[in-house]
1. Which of the residues that make up segment 43-59 are under 13 Å from the mean Cα position of the chain (by Cα) and either loosely packed, with under 10 Cβ neighbours inside 10 Å or aromatic (Phe, Trp, Tyr) (or both)?
2. Give the number of residues within segment 1-41 that are of a type in the set (Asp, Glu), part of a loop (DSSP other than H, G, I, E, B) and modelled with pLDDT under 90.
3. Of all residues being of a type outside the set (Val, Ile, Thr) and within 29 Å of Gly57 (Cβ to Cβ) in segment 2-12, which is surrounded by the most Cβ atoms within 10 Å (Cβ to Cβ)? Just the residue, please.
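The values are calculated or read from the model by the stated rules, or taken from the named source; none is laboratory data. In this text, all values refer to a predicted model and were calculated from it rather than measured experimentally. Note: ideal-geometry Cβ built from the backbone for every residue, glycine included; neighbour counts use all protein chains shown.
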Amino acid sequence: EIADAIVQAKRISWITQRGTPSSVSLPRLRTVEDCMADPMPDQSWMTEPILQERFAGWLGE
């Protein structure tokens, strides 16, 4: 249901921690291969950053 709603709206919408609506345009869903090719997000602000293997390792299962 969630993926269908995203495809139909061509965007992902959410409510921020401040309670304001936000969204990002998403003309099409990306493949897992496309997503895995992206660099890891900036985790410099985290006290315990997540290693890439732990972040996406479950995808290989």
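1. Phe55 - this is the single residue of segment 43-59 that is under 13 Å from the mean Cα position of the chain (by Cα) and either loosely packed, with under 10 Cβ neighbours inside 10 Å or aromatic (Phe, Trp, Tyr) (or both).
2. Residues that pass the stated criteria total 1.
3. Here is the first cut: in segment 2-12, the residues of a type outside the set (Val, Ile, Thr) are 3-5, 8-11.
Within this subset, residues satisfying the condition of being within 29 Å of Gly57 (Cβ to Cβ) are 3-5.
Values: Ala3: 8, Asp4: 8, Ala5: 11.
In this case the residue turns out to be Ala5.
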